[in-house]
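Trainee: Here you go, one structure.
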Amino acid sequence: MTKHSIQSDGSVQRDNLRIPQSVVHIPLWVSIIVILGALLTATGALISKVDPTLLTNGSPMTEAARVYADYLFARNLPLAVMLLFLLAVRARRMLAGFMVLTAIIQLVDVINDLARGALVLVPGLLVFAIVFLIGAWQLFGQAFWHVDAWRERS
């Protein structure tokens, strides 16, 4: 038994968990933003390991700054890997959830940068977050703030 729902664009989405993952369609534009977002996230992780002074605007690297650079590495690398993995296995709903998580992280970074007065990064982070939220909305088939977007369908 397959349950269908009508999307806002008029297309029909299958909500059955028994449908093979190879049949699940992820729009090309969502795939592209996930790949770009994962590459940017992984780049941040690599910079924090290879040359963390880039994160300090050239200031000397202290032990405290090194610890936080290591936290950035530990946060960003697994997030980037999971985004790519979920895209590869076409885990549509889990990918949407990770996209929301990634967007929330970017929004927290925006708030932090605004509080510090570091305005140069804000536009890029904000665009990244908004595009990821729109992509998650597309994958969920409804607004991600609706509780039903997160629940398993039976």
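The values are calculated or read from the model by the stated rules, or taken from the named source; none is laboratory data. Predicted model only: the values in this text are computed from it and were never measured. Because the Cβ atoms are built from the backbone with ideal geometry, glycine has one as well, and the counts that use them run over all protein chains shown. Heads up: the accessible areas ignore ligands, DNA and RNA and are worked out on the full protein's heavy atoms, side chains in. Shrake-Rupley method; radii C 1.70, N 1.55, O 1.52, S 1.80 Å.
Trainee: Of all residues in segment 105-136, count the ones that are within 24 Å of R151 (Cβ to Cβ) and free of Cβ contacts under 8 Å to residues at least 12 places away in the same chain.
Mentor: Number satisfying all stated conditions: 1.
Trainee: Conditions: (1) at pLDDT 95 or above; (2) surrounded by fewer than 16 Cβ atoms within 10 Å (Cβ to Cβ). L79 meets all but one. Number of the miss?
Mentor: Evaluating L79 over (1) at pLDDT 95 or above; (2) surrounded by fewer than 16 Cβ atoms within 10 Å (Cβ to Cβ) leaves (2) as the failure.
Trainee: Would you confirm whether or not segment 37-48 contains a residue that is open to solvent by 50 Å² or more (accessible area, probe 1.4 Å), of a type outside the set (A, V, I, L, M, F, W, C), touching a helix residue (DSSP H, G or I) at 6+ places or on another chain (Cβ under 7 Å) and touching a residue at least 24 places away in the same chain (Cβ under 8 Å)?
Mentor: no
Trainee: How about segment 55-73: which of its residues are open to solvent by 60 Å² or more (accessible area, probe 1.4 Å) and either within 23 Å of the chain's Cα centre (by Cα) or β-branched (V, I, T) (or both)?
Mentor: Correct list: L55, T62, V67, Y68, Y71.
Trainee: With (1) of a type outside the set (D, E); (2) in a helix (DSSP H, G or I); (3) open to solvent by 30 Å² or more (accessible area, probe 1.4 Å); (4) touching a residue at least 40 places away in the same chain (Cβ under 8 Å) as the list, and F144 as the residue in question, which single condition is left unmet?
Mentor: (2)
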